[in-house]
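The values are calculated or read from the model by the stated rules, or taken from the named source; none is laboratory data. Since this is a predicted model, take the numbers as computed values, not measurements. So basically every Cβ, Gly included, is an ideal-geometry build from the backbone, and we count neighbours across all protein chains shown.
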Amino acid sequence: MNEKYAPTEIEAAARQYWNERDAYRVVEDQNKPKFYACSMLPYPSGKLHMGHVRNYTINDMLTRQLRMKGYNVLMPMGWDAFGLPAENAAIKNKVPPAQWTYDNIAYMKRQMQAMGLAIDWSREIATCTPEYYKWNQWLFLKMLEAGIAERRTQVVNWDPVDQTVLANEQVVDGRGWRSGALVEKREIPGYYLNITRYADELLAAVADPEDKRYLSGWPERVRLMQENWIGKSQGVRFAFPHEIKGADGALIQDGKLYVFTTRADTVMGVTFCAVAPEHPLAAHAAAGSPALAAFIEECKRGGSTEAELATQEKKGLPTGLFVTHPLTGAQVEVWVGNYVLMSYGDGAVMGVPAHDERDFAFAKKYGIAIQQVVQVEGETFSLDAWADWYGDKQRAVCVNSGELNGLTHKEAVSKVAELFAAKSLGEKKTTWRLRDWGISRQRYWGTPIPIINCDDCGAVPVPAQDLPVVLPEECIPDGSGNPLKKHAGFLNVGCPKCGKPAQRETDTMDTFVDSSWYFMRYCDAKNPEQMVAEGSQYWMPMDQYIGGIEHAILHLLYARFWTKVMRDLGLVKVDEPFTKLLTQGMVLNHIYSRRTDKGGIEYFWPHEVENQFDAGGKIIGAKLKSDGSHVDYEGVGTMSKSKNNGVDPQELINEYGADTARLFVMFAAPPEQTLEWNDAGVEGAHRFLKRVWAFAAKHEATLKAAGQDFAALSGDGKALRREVHLVLKQVSYDYERMQYNTVVSGGMKLLNALEGFKAQGQDAALREGFSVLLRLLYPACPHITHQLWQDLGFAAQLGDLLDAPWPTVDEAALVQDEIELMLQVNGKLRGAIKVPASADKAAIEAAALANEDCIKFCEGRAPKKVIVVPGRLVNVVA
């Protein structure tokens, strides 16, 4: 074998070896236990980043180790290839999104292959291919038949200059990202999936440990995020009566303004009601108030999601309209609030400033009355500032509330519900934060919605035999609307019902649709006749899912919903798609910047600067290596191209090899924690692999020639073998809990023991130890370990490393013939003694008293007593 470690040649040869044997192709095998491990599929943005490297290496280590343990393991890969970035790139580069996407897929696939990942590429999918999205369309039509999909209106962001709908991320400070025009809110028709039909079941699996579907293998914080997003609330829905009539002379909404509250015990504290800008009462009031009409237009240019509204400034304007308090008969003024969403509940809320923090701030801002109606014993209410106890429903009792006085929250809610029911104005109700999933996107690069719009027949589903509705791939968006509307070949078609000229639906599906079931398609990736078949019956549910915490809500929720729909349509048999979930930590790096003369921010690469430290060694700034000028240090943050703090995996592979990159990202931190980039750590990982190679080269002859006669071992040979099996026992446990950083440290500990072994005639222990080391490190560093396994002859004995048996712990090797005890004299450490492991107290005392160090430090004094702590120490008191 070569004396020097040459990763480029070694890794190329190993990949060629695996490719020639099609080593990673997986087929269903009923004679083996199955394990399906999958990383979330990437968007083909152009290049892998270190987050990808970390994610896929975690998956690869799991896959390779389980294969050695006899499992039939599936690790597939695909591409989440539809979406807005491809359209933006097309506008910028004037190329079709398809071309940009397929070029990126090809490049990123080569990068993955260079990493040596054990991916079964025979199952590769790209969501932008007709072979894949045909089944999006097919299942959509099945949902339409089952009433799970339906057409409704939706509020969207509309750019009046570019004449197009904008995604939320394309609205910057209320303006279109390209045109700069003030964005409008428009209500247009679209298709929705009734995910709320499954709300109870979706909630039970993340919130109820007694439910048989409970996702105990998921991180607690992800379960909680899902629970909060689904948002089950139990309270009271009731109406404020009114006499407000519209232009037609009829009472608006039958004379009832409905709201929902979980704090019905505070109903006597209502001092205003707020409605959404789109509410009928707001529109009625705006007709006679130019100021209110202008305010409503301003609101329409704001956020349209709950997350956006939570962070923006709360604004309001009175309508001059009043509704009647249903219990007191008092007149309550109606306001328009920019924080109220028409799509949530009834588009109106009751304002109780004394006991809701948002209402408190709103009332203080606009001088609205604040009336205390609950009290907590020992606490004092003040109008000056909000206190946490004001909203405490667990300790609160009603005050200033008439017949509710003295009632607890629970008692008051029941009483209020009774009072409303008697007036036919309300009842107890359960509501959900979860809303049905609007999948229509006024975008080109996505799955075409399989509907044909006919003037006579309406919206007609495309017949199943005509699927897929193929998206033309030659279009180049220019930012002036959906190019499908101008594509005659796609747009114009005959109606399937009456045969008259009609037009295809030009909306495409939300890209979350693509990622909601791709993991099932991997199981039957090339089946042209069925969406899923026998493969999914064998592999699902997935045993381990790996991906970022940023996907903890919507992607996982939609995937769970999609699975349940497929189950109810008879396509799969599982209730939940993912048994275990690991959310790996982000990869961080240092950020350096400074303001430019024009007020912008300029970022610098970490290698361009020299850090400046305070007395405690903390970075307080930096200076450019080129000219010594000052640069601000922003701390560490997620790697980003825009902030010049990313690390190109390809450059790392070119310089050090894929095994070094893999080893570093596994060793630097536990998989679920953030990883801070460290160039010195990368170099350290590379030095370790060079040591592994150098050890093999130095002991090549010994490692090839040694036998397996462990009975002949003595002394140091037994000690080495015990250390090997102690490390093996710990590392095997660490593999089971996916703590791969300690797996690597175990390998380092084992190499140290092998390098320190000097005994002659104990070669069996050395050979066994190195064969164990190669197998422990193989899942993290498959190339170098594969080459050494072949070169040193282990393959001839144990087979290819891919399928070599995982080493088993020899419990007999852990039994010690001799143990070492610390020796103390008068409580001070003076040395150590070795005694037979079976030695009794008398034998240990005798060995201690005969020890030269003991005799020396007793200084001729006769010992008064000897204290033995079994397995640890012996203390001679003189």
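Things to note:
- So ASN88, is it under 16 Å from PRO477 (Cβ atoms) and polar (S, T, N, Q): yes
- Exactly one residue out of ALA239, ALA199 is small (Gly, Ala, Ser), under 29 Å from the mean Cα position of the chain (by Cα) and either surrounded by 15 or more Cβ atoms within 10 Å (Cβ to Cβ) or more than 30 Å from TRP335 (Cα to Cα) (or both): that is ALA199.
- Among the residues of the stretch 655-689, the one identified as crowded, with 22+ Cβ neighbours inside 10 Å, over 22 Å from the mean Cα position of the chain (by Cα) and among the β-branched types (Val, Ile, Thr) is THR660.
- ALA795 being among the hydrophobic types (A, V, I, L, M, F, W, C), under 30 Å from ALA14 (Cα atoms), in contact with a Phe, Trp or Tyr (Cβ under 8 Å, 6 or more places away or on another chain) and surrounded by 18 or more Cβ atoms within 10 Å (Cβ to Cβ): no
- Condition check for GLY288: more than 30 Å from ARG152 (Cβ to Cβ), in contact with a helix residue (DSSP H, G or I) (Cβ under 7 Å, 6 or more places away or on another chain) and either at pLDDT below 95 or not hydrophobic (A, V, I, L, M, F, W, C) (or both): no
- Residue in the stretch 209-223 that is touching a residue at least 24 places away in the same chain (Cβ under 8 Å), surrounded by 14 or more Cβ atoms within 10 Å (Cβ to Cβ) and closer than 20 Å to ASP510 by Cα present: no
- Cβ separations smaller than 7 Å between residues 6+ apart or across chains give no pair from the stretch 247-271 residues that are outside the structural domain of VAL334 (by TED's automatic domain parsing) to residues that are in a helix (DSSP H, G or I) and modelled with pLDDT of 95 or more.
- Out of ARG178, ARG237, ARG152, sole residue that is within 27 Å of PRO450 (Cβ to Cβ), in contact with a Gly (Cβ under 9 Å, 6 or more places away or on another chain) and among the charged types (D, E, K, R): ARG152
- Against the test of being touching a Phe, Trp or Tyr at 6+ places or on another chain (Cβ under 7 Å), of a type in the set (Asp, Glu) and farther than 30 Å from GLU297 by Cβ, the options GLU145, GLU131, GLU150, GLU124 yield a single qualifying residue, GLU150.
- Verdict on VAL692 being buried (at least 16 other Cβ atoms within 10 Å of the Cβ) and touching a strand residue (DSSP E or B) at 6+ places or on another chain (Cβ under 9 Å): no
- Listed by position, the helices (runs of 4 or more DSSP H) enclosed by the stretch 69-171 that each have at least 2 residues that are surrounded by fewer than 20 Cβ atoms within 10 Å (Cβ to Cβ) and either in contact with a Cys (Cβ under 9 Å, 6 or more places away or on another chain) or of a type in the set (Val, Ile, Thr) (or both) are 97-114.
- Breaking point among (1) touching a Phe, Trp or Tyr at 6+ places or on another chain (Cβ under 8 Å); (2) farther than 22 Å from PRO241 by Cβ; (3) at pLDDT below 95, for ASP384: (1)
- Test: residue in the stretch 493-511 that is under 20 Å from TYR545 (Cα atoms), touching a residue at least 60 places away in the same chain (Cβ under 8 Å) and surrounded by 17 or more Cβ atoms within 10 Å (Cβ to Cβ): yes
- Matching residues in the stretch 399-424 - criterion: being in contact with a strand residue (DSSP E or B) (Cβ under 6 Å, 6 or more places away or on another chain), closer than 16 Å to GLN375 by Cβ and buried (at least 19 other Cβ atoms within 10 Å of the Cβ): LEU404, LEU407, ALA412
- Test: residue in the stretch 598-606 that is touching a Leu at 6+ places or on another chain (Cβ under 8 Å) and either modelled with pLDDT of 90 or more or hydroxyl-bearing (Ser, Thr, Tyr) (or both): yes
- Residue in the stretch 378-390 that is in contact (Cβ under 8 Å) with a residue 40 or more places away in the chain, assigned by TED's automatic domain parsing to the domain that holds PHE260 and surrounded by 17 or more Cβ atoms within 10 Å (Cβ to Cβ) present: no
- Selection status of ASP248, farther than 26 Å from MET738 by Cα and surrounded by 13 or more Cβ atoms within 10 Å (Cβ to Cβ): no
- Long-range neighbours under 8 Å by Cβ, at least six apart or interchain, first residue farther than 15 Å from ILE591 by Cβ within the stretch 611-637, second assigned to a loop (DSSP other than H, G, I, E, B): LYS623/SER629
- Just so you know, in the stretch 815-865 the residues that are acidic (Asp, Glu) and modelled with pLDDT of 90 or more include one that is nearest to the chain's Cα centre (by Cα), and it is ASP840.
- Cβ separations smaller than 7 Å between residues 6+ apart or across chains give the following pairs from the stretch 736-750 residues that are farther than 15 Å from VAL665 by Cα to residues that are of a type in the set (S, T, N, Q) and assigned to a helix (DSSP H, G or I): GLY746/GLN730.
- Among residues of the stretch 519-563, those that are surrounded by fewer than 20 Cβ atoms within 10 Å (Cβ to Cβ), in contact with a Phe, Trp or Tyr (Cβ under 7 Å, 6 or more places away or on another chain) and of a type outside the set (Val, Ile, Thr), counted: 3
- Criterion: outside the structural domain of ARG443 (by TED's automatic domain parsing) and modelled with pLDDT under 95 - qualifying residue of GLU550, GLU529: GLU550
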